[in-house]
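Any read-out appearing in this document is the output of simple, stated calculations on the displayed coordinates, not a laboratory observation. Everything numeric in this text was worked out from a predicted model, so none of it was measured. FYI the Cβ positions are ideal-geometry reconstructions off the backbone, even for glycines, and counts take in every protein chain you see.
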Amino acid sequence: MDLGSLFGSTNGIVLITVAPFALVALIMVIAVLRGGAKVRASRNWDSTTGRVLYSGVASRRSSDSQGGTNTYYYPQVAYEYEVRGQRYQGQRIAFGNVGYGSSRKAEQLASRYVTGGPVEVFYDPTRPDQAVLERRSGSNRALVLGVTLIVVIVIASVVFTTGLMGSAGDMVKNLFSFGANPPAATVAPAPTNAPAVTKI
């Protein structure tokens with residue numbers, strides 16, 4: 001592939017601009033779909049009473065594209081439970097990441113689980129080491145759908161701004177105009193130097 005021609009062409013610029021946004025949207029949609037599938041599967045899981053070993057909040061910082069930093073807060077709960085005489089430990093509250101931009105929300109969730117207190121644990125009967133406290137997806141579906149919509153709008157704006165849809169529009173226009181006004185038939189002119197016909 002000729003990278004010079006790719007960067008120099010309109011289609012190449014559109015591809016390079018749109019690809020990162022499309023990739024982000026695809027990853028977020030896959031995360032939502034996978035989280036939903038796990039939630040549905042957990043409806044058939046068994047439950048048992050466990051004990052909370054630890055409950056608290058952890059914070060993580062991440063950098064954005066503009067050089068700034070964002071802080072997210074994650075409730076953390078460690079618990080133990082027993083299935084058929086075998087003891088297990090888990091740390092998963094819900095499916096996916098359960099993170100908040102506000103420490104208050106994270107603390108509210110963590111406060112539901114008191115260290116040393118009992119807790120209902122849902123576990124996979126075929127794999128008892130796989131457990132969760134809340135049969136829901138930690139991913140914020142509304143946020144994911146909102147970001148995906150923004151990405152789609154950005155992609156559409158780039159495509160129409162660069163005129164990439166112009167050729168497709170012309171093709172459609174020609175297709176419809178061909179049916180309405182078919183090309184006129186052409187008749188070949190008679191040869192001028194044809195031999196004369198003589199009667200016998």
Placing each pseudo-label 7 Å from Cα in the direction of the beta carbon, T126 and L53 end up separated by a distance in nanometres of 2.7
Taking a crude spin-label model, label points 7 Å out from Cα along the C-beta direction, the S111 to S62 distance in nm is 2.6
With x for Gly and Pro, the residue-by-residue ³J(HN,Hα) of the range 95-103, computed from phi through the Karplus equation 6.51 cos²θ - 1.76 cosθ + 1.60 at θ = phi - 60° and given in whole Hz, is 6, x, 7, 10, x, 9, x, 10, 5
Between R135 and R104, Cβ-based FRET efficiency (R0 35 Å, step 0.05) works out to 0.90
The answer for V119, listing residues at least 5 apart or on another chain whose modeled amide H is closer than 5 Å to its amide H, is G50, R51, V52
Under 17 Å by backbone N from the virtual spin label 7 Å along Cα-to-Cβ at T71, the residues of the range 88-111 are 99-108
